[in-house]
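All remarks here apply to the structure that follows.
The values are calculated or read from the model by the stated rules, or taken from the named source; none is laboratory data. Just so it is clear, the structure is predicted and the values come from calculations on it, not from any experiment. All Cβ positions, glycine included, derive from the backbone under ideal geometry; neighbour counts span all protein chains shown.
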Amino acid sequence: MKFKPLLQTKYLWITIIVLSIIAIAFKSAYRQYIYANKINDYGIADSSPNFFAGLIIVFFYFTQYQKLTLKKHAIFTVVGLVGYELIQGSIFKHNFFDYKDIFASLFGAFIGYLIGSKFKSGPIFNDLETEKK
């Protein structure tokens, strides 16, 4: 796939970078805090990377010229993330299958699809200059 010009997708890239920083914060600082204080957060600390992965991968749809629909891209995102979750135990020695990660991946991709389909003509997903044309 060919990327759209940066000027056309700058707000989306900023959004993806901010979401990536939030995902890293959840995976490192938040997870350590939850574990150190033995707080039950219902698996959010463990599953948040999968949620953000689904969300970010669906948002990547708008950075490229596409032949697929947003729905197909979201479905392929879910298939890839769930497939990774199912085989990670055989590839990585210290990773294990967790059904909460699958739900988080599904939820993240679904939220990304909903946001993307609702705002695909908005300023974050498209440049303001192209909307005026």
Restricting segment 79-89 to residues that are of a type in the set (A, V, I, L, M, F, W, C) and over 14 Å from P49 (Cα atoms), the one modelled with the highest pLDDT turns out to be V79
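From the residues in segment 23-39 that are loosely packed, with under 15 Cβ neighbours inside 10 Å and in a helix (DSSP H, G or I), which one is nearest to the chain's Cα centre (by Cα)? Explain how you work it out, then say what you get.
Of the residues in segment 23-39, the ones loosely packed, with under 15 Cβ neighbours inside 10 Å are 24-25, 28-29, 32-33, 35-39.
Then drop every residue that is not in a helix (DSSP H, G or I), which leaves 24-25, 28-29, 32-33, 35-36.
On the way: I24: 12, A25: 15, S28: 17, A29: 19, Q32: 22, Y33: 23, Y35: 24, A36: 27 Å.
Among those that are loosely packed, with under 15 Cβ neighbours inside 10 Å and in a helix (DSSP H, G or I), it is I24.
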Could you tell me which of the residues L106, L68 is part of a helix (DSSP H, G or I) and surrounded by fewer than 21 Cβ atoms within 10 Å (Cβ to Cβ)? L106
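Determine which member of the set I16, I75 is modelled with pLDDT of 95 or more and either out of contact with any helix residue (DSSP H, G or I) (no Cβ under 6 Å at 6 or more places or on another chain) or surrounded by fewer than 17 Cβ atoms within 10 Å (Cβ to Cβ) (or both). Write out each step before concluding.
Working: I16 fails: either out of contact with any helix residue (DSSP H, G or I) (no Cβ under 6 Å at 6 or more places or on another chain) or surrounded by fewer than 17 Cβ atoms within 10 Å (Cβ to Cβ) (or both).
Among I16, I75, only I75 is modelled with pLDDT of 95 or more and either out of contact with any helix residue (DSSP H, G or I) (no Cβ under 6 Å at 6 or more places or on another chain) or surrounded by fewer than 17 Cβ atoms within 10 Å (Cβ to Cβ) (or both).
Considering segment 80-103 alone, what residues qualify as being outside any helix (DSSP H, G or I) and surrounded by 15 or more Cβ atoms within 10 Å (Cβ to Cβ)?
Looking only at segment 80-103, we keep the residues that are outside any helix (DSSP H, G or I), and these are 92-98.
D98, the sole residue that qualifies.
Does segment 40-51 contain at least one residue that is part of a helix (DSSP H, G or I), surrounded by 14 or more Cβ atoms within 10 Å (Cβ to Cβ) and in contact with a Gly (Cβ under 7 Å, 6 or more places away or on another chain)? Spell out how you get there, then give the answer.
Filtering segment 40-51 for residues part of a helix (DSSP H, G or I) gives 44-51.
Checking which are surrounded by 14 or more Cβ atoms within 10 Å (Cβ to Cβ) leaves us with 44-51.
Cutting the leftovers down to in contact with a Gly (Cβ under 7 Å, 6 or more places away or on another chain) gives us 50-51.
Yes, segment 40-51 contains a residue that is part of a helix (DSSP H, G or I), surrounded by 14 or more Cβ atoms within 10 Å (Cβ to Cβ) and in contact with a Gly (Cβ under 7 Å, 6 or more places away or on another chain).
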Checked segment 3-38 for anything of a type in the set (V, I, T) and closer than 18 Å to D98 by Cβ; matches are I34
Tell me whether segment 75-92 contains one or more residues that are touching a residue at least 40 places away in the same chain (Cβ under 8 Å) and aliphatic (A, V, I, L, M). no
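Looking for whichever is modelled with pLDDT under 95, in contact with a Ser or Thr (Cβ under 8 Å, 6 or more places away or on another chain) and at negative phi here; the options are F92, F97, F119, F62. Which one fits?
Values: F92 fails: in contact with a Ser or Thr (Cβ under 8 Å, 6 or more places away or on another chain); F97 fails: in contact with a Ser or Thr (Cβ under 8 Å, 6 or more places away or on another chain); F119 fails: in contact with a Ser or Thr (Cβ under 8 Å, 6 or more places away or on another chain).
F62 is the lone residue from the list that is modelled with pLDDT under 95, in contact with a Ser or Thr (Cβ under 8 Å, 6 or more places away or on another chain) and at negative phi.
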Could we say that Y61 is in a helix (DSSP H, G or I), under 30 Å from Q8 (Cα atoms) and aromatic (F, W, Y) here? yes
